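Notes for the one structure printed next.
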Amino acid sequence: MTPRHLYVHVPFCRRRCVYCDFSIAVRRTIPVGHYLAALAAELARVGRPADLATVYLGGGTPSLLGAAGVAALAAIVGARPGLEEFTIEANPEDVTAEAVRAWVRAGVNRLSLGAQSFDERVLEWMHRSHGAAAIGEAVARARHAGIANVSLDLIFALPDALDRRLEDDLDRVLALDPAHISLYGLTVEEHTPLGRRVARGALAHASEERYEAEYLLIHERLAAAGYAFYEVSNAARPGAEAVHNRAYWRLAPYLGLGPSAHSFDGASRWWNEPAYARWHAKLSRGDAPVAGREILAPAQQRLEARYLGLRTAEGIVLDEPLEPALAAAVSAWVAAGWAEVDAPRLRLTPRGWLRLDELATFL
Ligand code: SF4
C-alpha cells in the first residue's frame, strides 16, 4: 500500500528535559545541512510518496531547523501549501515572526507547541528552554502568520513535591483558546535525569491517585470549555482532530524518515537506527538506516486494531456473540463506569482510559 502519511524525525534539542527518553541529539549548533543531506539520501532510497495527505515534523525539536531549514526539508519531501495537514512541533522560543512566515510559505498549516506548563518554577525544574511568556507570544505569531490550527502540549502528574497548580495551568491554556490540546502524563523512565533522581530517592513520582485525579480534572475542564477527547491523550475543538495521528490509530500505512522513525505498510513495520550518528553513518555509506523489522501476523494486526480503537472515542466494534469471559468483563467495566456499550460498539470512558492497558489484555 502506498503511504499517504509522512513522519520526519528531527532529532535535535538544545538540552535534554529532565524526563525525556526520546531519541534526540543535543547540539549547541544545529547541523542543518548535514541532517538534510542524509534525509534526502534516505528518501531517495525509499522513494517519495506520490500522494501525500499529511506531513508531521516531530522530534526532538524540528523548529530548531529555522526558517530556511524547514523550507528546505519541505522541498526535499515534496510537502507544499495545500496539504490536508502539515504539522511542525516547535518550542515556543523558536516561533519568531520570520520563521513562522517561512514555515507557512513552505506549507505548514498546523503548529504543535511544547508548552507543558505556564509555571516558571515548573518549566525550570523540567529543564525546558522556554519561559511562560514565550508560549502566548508563539501562539499570537502563529495566528498572525495564518496558522489557526495550534495545538498545545500539557504535562500532568508531576511529582507531588513540586506542588504544581494544574488548575492555574488549565486557566492559562484555555485563555489561549488553542484548537487542540495534547496531554502528557509524566512517566519516570530509568535512563533519564529524572529516573536517576527517583532511583537514588531524591524525588518520588506522582502517586496513582494524583495521576488519576489530574487526568479526570483535565477532562472535566476541557469538556466544559467545548473540547472533545477523541483519543486517550488528545482533545480538540470540533473539526480540529489531528489527521496524521488518526491515521496511526486507524493502522493506515505511513512512512517515517530520520533517526528512530517507524514505518508501516499495512502488514509489516520497520524502524530506523535511533542514534543520529549511526543513522547518518549508514546513509553516508549507502546502506539502509533500518534497525529492525517485524511482520504483523493477522492475529497481531487484529489485536493492535482493537487496542488502538480502544484508545479512541470511536471505540471498537465487538464481534457478536461475545465469548463468555469477554462478555462478563465488559459487563463489569460498564458497571464500574469504565466503558459504555452502544451495541455492537464498545467505548471506554475517561475512567476506563486510565485503565486502558489493563482492559486491553481481555481483548
Ligand atoms: S524538547 Fe522534547 S524531545 Fe527535546 S529534550 Fe525536551 S522533551 Fe525531549
ask   = Quick check: anything in the stretch 223-246 farther than 30 Å from Ala339 by Cα and modelled with pLDDT of 95 or more?
value = no
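So which of Ile135, Ile88 ends up being in contact with a Ser or Thr (Cβ under 7 Å, 6 or more places away or on another chain) and closer than 24 Å to Arg237 by Cα?
Working: Ile135 fails: in contact with a Ser or Thr (Cβ under 7 Å, 6 or more places away or on another chain).
When all the criteria are applied, what remains is Ile88.
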When Glu42 is run through (1) of a type outside the set (A, V, I, L, M, F, W, C); (2) within 16 Å of the ligand (Cβ to nearest atom); (3) surrounded by 21 or more Cβ atoms within 10 Å (Cβ to Cβ), the failure sits at (2)
All conditions in (1) more than 8 Å from the ligand (Cβ to nearest atom); (2) out of contact with any Pro (no Cβ under 9 Å at 6 or more places or on another chain); (3) aliphatic (A, V, I, L, M) are true of Val10 except (2)
Does Arg311 qualify as being basic (Lys, Arg), at pLDDT 95 or above and touching a Leu at 6+ places or on another chain (Cβ under 9 Å)?
-> yes
The residue that is surrounded by the most Cβ atoms within 10 Å (Cβ to Cβ), considering only those in the stretch 99-133 that are over 22 Å from Asp177 (Cα atoms) and in contact (Cβ under 8 Å) with a residue 60 or more places away in the chain, is Arg128
With criteria (1) within 11 Å of the ligand (Cβ to nearest atom); (2) modelled with pLDDT under 95, Ala25 comes up short on (2)
Counting only residues that are within 26 Å of Ala37 (Cα to Cα) and more than 15 Å from the ligand (Cβ to nearest atom), the stretch 88-110 contains a total of 14
When the stretch 27-49 is checked residue by residue, the ones that are among the hydroxyl-bearing types (Ser, Thr, Tyr) and over 23 Å from the mean Cα position of the chain (by Cα) are Thr29
Being in contact (Cβ under 8 Å) with a residue 24 or more places away in the chain and either surrounded by fewer than 21 Cβ atoms within 10 Å (Cβ to Cβ) or more than 14 Å from the ligand (Cβ to nearest atom) (or both) narrows Leu57, Leu52 down to just Leu52
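The values are calculated or read from the model by the stated rules, or taken from the named source; none is laboratory data. Being a predicted model, the structure only gives us computed values, none of them experimental. Cβ sites come from the backbone with ideal geometry, for glycine too, and all protein chains shown count toward neighbours.
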